[in-house]
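For reference, the structure discussed in these notes is given below.
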Amino acid sequence: MVNSLYFSSVKTPQSLAPWNSLHLRQPLQQQQLHFSAWVGVNFLLPRSLSISSTCRGFRVECSITKTDVLERGVPASQNFSGGDNQLTCVMKFGGSSVANAERMREVANLICSFPNERPVIVLSAMGKTTNNLLLAGENAVSCGVINVSCINELSFIKDLHLRTMDELGVERSTIETQLEDLEQLLKGIAMMKELTPRTRDYLVSFGECMSTRIFAAYLNKIGVKARQYDAFEIGFITTDDFTNADILEATYPAVATKLHDDWNREPAIPIVTGFLGKGWRSGAVTTLGRGGSDLTATTIGKALGLREIQVWKDVDGVLTCDPNICPHAEPVPYLTFEEAAELAYFGAQVLHPQSMRPAKEGDIPVRVKNSYNPNAPGTLITRSRDMSTAVLTSIVLKRNVTMLDIVSTRMLGQFGFLAKVFSIFEDLGISVDVVATSEVSLSLTLDPSKLWSRELIQQASELDHVVEELEKIAVVNLLQHRSIISLIGNVQRSSLILEKAFRELRTNGVNVQMISQGASKVNISMIVNDDEAEKCVRALHAGFFNGDLEELELDSGEENGSMSRQ
Ligand SMILES: Nc1ncnc2c1ncn2[C@@H]1O[C@H](COP(=O)(O)OP(=O)(O)O)[C@@H](O)[C@H]1O
Ligand SMILES: N[C@@H](CC(=O)OP(=O)(O)O)C(=O)O
């Protein structure tokens, strides 16, 4: 018996729109609206409904009236952005920006240096705390209960947080409960000799829960009114995919209502934990995948309909390449949501892969800035940009990818081959990154983040299972330790990009094993061996960003693309 429902997406005859956009942007033409929705948290009861189960949970078909939408739905985003005294932007500060007391002081000064902003602040865990929590958990599995308090990483985490509070003049009691609970949890892990993905998420949540409490206490101490929030308590509702959960639509109205109501009751800068959510079925703490605080920030931006989302990092914006591979990589001043999403998806650590989606849906500009160098202009990510002079924007490397070569055992002209292959991946719940096909053969790479969110043993057996299933219809070659090099740029200049890229790779004696031009038209992906990938990226970067593109352009006779719009 289902007695509480949330309508995550609303299907009108015209479009599929997020729930709060319906209030704001879609005129309600009809008296009766028909909905297709996921069951979630308590929100609204429909007039009629039918429920069927699907692979991801329940699917609900229902209808409610226009009056229900207007009277019982959440307030529209316009309520949050319209007033003179409302919240204006999100500022997200990553672990590197709040790594110690000095950094927290600088971030507080930075926030105060924008007196016209009324920001929502999203914080990650301090410095490398998430990594240390994970290591502490892994050590707890084998160290025995009595040795838990001696785990090095636990001592490091305690010292860092206690020292930070002392240096900031914040009461140690601010995170007393969290430190006690953390040690208790590690003892529990030691007792069980097991660290499940669910426990792992609860364990790492202590990082963000502590950093936000300390920072909010510090702001209050210096006279800036602030209020701390745990994301899982204010409506961040996710799937139950521990360690890599997806945000559900229920989040937007819930978060907007909570932050908006509290602000209106008594204005205080909200300090929200990044990275965390609450699984809708389990009710347990979930995480959004590594680097997930960016997604928290863009989700809040969309939920509240804010003017801008700022993500503050330790680099001068999105760069032409990972600076750890190419130290001379330069900031990219402008990107479209589409370019930024491809870049993040194909491995640029600077942005979380899913973080552009809410910003794009809400059409809210994202600014990537450097908290160590606030005067640097950073990168502005928007719906469209001038592409008239753009060739290549950035080069991205994704390592340790698994590639499959699949050749049909049937004759040429056999239909349904690709459909069969992809239905095997669908059944096994494995997503595919890059694909290249001919009529009887197919090369593809598997999304490592989805694969790696599972237990190692499970991963290996899943790969075996994939191969076993595919071998019923094809000859399969499993190739591991490959890398995807993605060239993100103006694909209206693709011939120029390819000509230049292959010239550089040939000069370096590299053989490309597969190539694919994304349908999104901003990405050309090439697969090479892991051990030659960095060399290739450096050669490509030198060729495109320090090289003589003009010389090539004169020969190419290609038309310049003008404006990219999604
Ligand atoms: N294309 C890129 N542009 C900028 N930074 C990149 C890029 N690729 C990788 N990085 C790395 O991403 C880091 C910033 O991301 P991240 O560590 O998640 O920041 P934060 O913890 O501050 O949110 C940089 O220090 C840099 O080493
Ligand atoms: N602390 C989490 C979430 C996060 O977003 O961190 P950062 O902003 O420092 O990348 C992590 O390390 O994954």
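The values are calculated or read from the model by the stated rules, or taken from the named source; none is laboratory data. What you see is a predicted model, and the numbers here were worked out from it, not measured in a lab. Cβ: placed from backbone, ideal geometry, glycine included. Neighbour counts: every protein chain shown. Accessible surface areas use protein heavy atoms only, side chains included; no ligands, DNA or RNA. Shrake-Rupley method; radii C 1.70, N 1.55, O 1.52, S 1.80 Å.
The table below lists the values:
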item	result
Residues of type lysines that Lys420 reaches as a straight line, Cα spacing below 18 Å, ignoring anything fewer than 8 places off in the same chain	Lys472
For Glu532, solvent-accessible area (1.4 Å; no DNA, RNA or ligand), Å²	40
Cα shape, the range 233-370, gyration tensor, a/c 1.5 rule	prolate
Rounded to 5, percent antiparallel among DSSP beta bridges of the range 263-389	45
Accessible-area composition of the range 224-366, carbon plus sulfur, in percent [1.4 Å probe]	50
Additional length obtainable on full extension of the chain from Val432 to Glu233, 0.36 nm per residue less Cα span	68.3 nm
Virtual spin-label span in nm between Gln349 and Ala542, 7 Å along Cα→Cβ	2.4
Pairwise centroid distance, computed over Cα atoms, of the range 232-298 with the range 478-506, Å	37
Contact order normalised by residue count of the range 264-309, Cα under 8 Å, 6+ apart, percent	29
Three-way shape label, the range 302-400, alpha-carbon gyration tensor, a/c 1.5	rounded
Cβ crowding within 10 Å averaged over residues, with 205-213, 303-311, 362-370 ranked highest first	205-213, 303-311, 362-370
Spin-label model distance (nm) - Ser282 vs Asp262, 7 Å beyond Cα toward Cβ	2.4
Stretch gain in nm, segment Asp246-Lys420, where the contour uses 0.36 nm per residue and the Cα spacing is subtracted	59.9 nm
Pairwise FRET efficiency - Arg105 versus Glu180, Cβ, R0 = 25 Å, nearest 0.05	0.40
Protection-proxy order for peptides 292-300, 169-177, each taking the mean of Cβ atoms within 10 Å per residue, highest first	292-300, 169-177
Local electrostatic count, Val145, Cβ distance below 12 Å [Lys/Arg +1, Asp/Glu -1]	+1
Solvent-accessible heavy-atom area per residue, rounded to whole Å², over the range 298-362 at 1.4 Å	34
15 Å cut-off, amide nitrogen to a point 7 angstrom out along Glu330 Cα→Cβ, residues in the range 385-400	389-395
Interchain or long-range residues, amide H under 5 Å from Val332's placed H	Val318, Leu319, Thr320
Additional length obtainable on full extension of the chain from Arg503 to Asn529, 0.36 nm per residue less Cα span	7.6 nm
Peptide ranges 115-121, 235-241 listed from the most packed, as the mean C-beta count within 10 angstrom indicates	235-241, 115-121
Above-threshold pairs, the threshold being 23 Å between Cα atoms, out of Lys221/Lys278; Lys360/Lys535; Lys92/Lys225; Lys278/Lys398; Lys128/Lys313	Lys221/Lys278; Lys360/Lys535; Lys278/Lys398
